[in-house]
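Student: Sharing a structure, written as structure tokens. Questions coming.
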Amino acid sequence: MSFTFTAPTKDPSAVLRYGMNWTPWLNAGETIQAGPTVVSNKPDILVVDQLALESSVVSWRAAGGLNNKEYLVTVTVVTNQGRTDQRTVKIPVTNR
């Protein structure tokens with residue numbers, strides 16, 4: 001799976017908030033419908049929760065992860081114009 005961008009390195013014990021702004025992708029008058037999804041490729045190791053949607057920004061909280069590992073978090077949105085898109089963020093985890 002390819003990824004859209006790499007997030008800053010996260011410590012395994014850190015609980016961090018991440019966000020993705022979809023404004024550049026949206027057409028004029030287009031909005032993200034309620035219920036975007038945010039999924040970790042290793043949900044039992046890198047836990048993703050507290051999903052929020054504010055205007056065109058989807059945000060979530062990530063906790064956990066193992067030292068010297070990378071995780072992929074995939075965000076999927078559907079718009080009021082029926083378009084669907086998916087972006088993946090790589091989150092590297094390293095002890096600091």
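The values are calculated or read from the model by the stated rules, or taken from the named source; none is laboratory data. None of the values given here were measured: they were computed from a predicted structure. A quick note on method: Cβ atoms are made from the backbone with ideal geometry, for glycine too, and the neighbour counts reach across all protein chains shown.
Student: Which of the strands (runs of 3 or more DSSP E) found entirely inside region 1-54 contain at least 3 residues meeting this: at pLDDT 95 or above and either out of contact with any Leu (no Cβ under 8 Å at 6 or more places or on another chain) or more than 11 Å from residue 73 (Cα to Cα) (or both)? Break it down stepwise before answering.
Tutor: Working: elements: 15-21, 37-40, 46-54.
Here the list reads 15-21, 46-54.
Student: If I go through region 24-40 residue by residue, how many of them are loosely packed, with under 15 Cβ neighbours inside 10 Å and either among the small types (Gly, Ala, Ser) or in contact with a helix residue (DSSP H, G or I) (Cβ under 9 Å, 6 or more places away or on another chain) (or both)?
Tutor: 4
Student: Here is a follow-up. Looking only at region 83-96, which residues are of a type in the set (S, T, N, Q) and either surrounded by 11 or more Cβ atoms within 10 Å (Cβ to Cβ) or closer than 11 Å to residue 10 by Cβ (or both)? If you could, list the steps in order and put the result at the bottom.
Tutor: Restricting attention to region 83-96, the residues satisfying the condition of being of a type in the set (S, T, N, Q) are 84, 86, 88, 94-95.
Once the filter is applied, which keeps residues that are of a type in the set (S, T, N, Q) and either surrounded by 11 or more Cβ atoms within 10 Å (Cβ to Cβ) or closer than 11 Å to residue 10 by Cβ (or both), region 83-96 yields 86, 88, 94, 95.
Student: Is it true that residue 44 is under 25 Å from residue 96 (Cα atoms), free of Cβ contacts under 8 Å to residues at least 12 places away in the same chain and surrounded by fewer than 18 Cβ atoms within 10 Å (Cβ to Cβ)? Please lay out each step first, then the result.
Tutor: Working: under 25 Å from residue 96 (Cα atoms): yes; free of Cβ contacts under 8 Å to residues at least 12 places away in the same chain: yes; surrounded by fewer than 18 Cβ atoms within 10 Å (Cβ to Cβ): yes.
When the stated conditions are applied, residue 44 passes them.
Student: Separate question: So which pairs qualify, if the first residue must be in region 7-35 and closer than 24 Å to residue 95 by Cβ, the second must be surrounded by fewer than 17 Cβ atoms within 10 Å (Cβ to Cβ) and basic (Lys, Arg), the Cβ gap must be under 6 Å, and the two must be at least 6 apart or on different chains?
Tutor: 11/96; 17/61
Student: Could I ask something else about it? Do you know which residues across region 72-96 are closer than 23 Å to residue 25 by Cβ and not polar (S, T, N, Q)? Even if it seems obvious, please write down each step before you answer.
Tutor: Residues of region 72-96 closer than 23 Å to residue 25 by Cβ: 72-91.
Answer for region 72-96, where residues must be closer than 23 Å to residue 25 by Cβ and not polar (S, T, N, Q): 72, 73, 75, 77, 78, 82, 83, 85, 87, 89, 90, 91.
Student: Another one. May I ask you to say which residue of 67, 80 is surrounded by fewer than 17 Cβ atoms within 10 Å (Cβ to Cβ) and in contact with an Asp or Glu (Cβ under 7 Å, 6 or more places away or on another chain)?
Tutor: Values: 67 fails: in contact with an Asp or Glu (Cβ under 7 Å, 6 or more places away or on another chain).
On inspection, the qualifying residue turns out to be 80.
Student: Provide a single number: the residues in region 57-91 that are under 13 Å from the mean Cα position of the chain (by Cα) and not aliphatic (A, V, I, L, M). First the steps, then the outcome.
Tutor: Of all residues in region 57-91, those under 13 Å from the mean Cα position of the chain (by Cα) come to 57-63, 71-77, 85-91.
Next, from what is left, pick out any that are not aliphatic (A, V, I, L, M): 59-61, 71, 74, 76, 85-88, 90.
So the count comes out to 11.
Student: Could you list all residues from region 59-88 that are assigned to a strand (DSSP E or B), out of contact with any Leu (no Cβ under 7 Å at 6 or more places or on another chain) and hydrophobic (A, V, I, L, M, F, W, C)?
Tutor: Within region 59-88, 63, 72, 73, 75, 77, 78 meet the criteria.
Student: Surrounded by fewer than 16 Cβ atoms within 10 Å (Cβ to Cβ) and touching a Pro at 6+ places or on another chain (Cβ under 6 Å): is that true of residue 21 in this structure? I'd like the intermediate steps shown before the answer.
Tutor: Working: surrounded by fewer than 16 Cβ atoms within 10 Å (Cβ to Cβ): yes; touching a Pro at 6+ places or on another chain (Cβ under 6 Å): no.
No.
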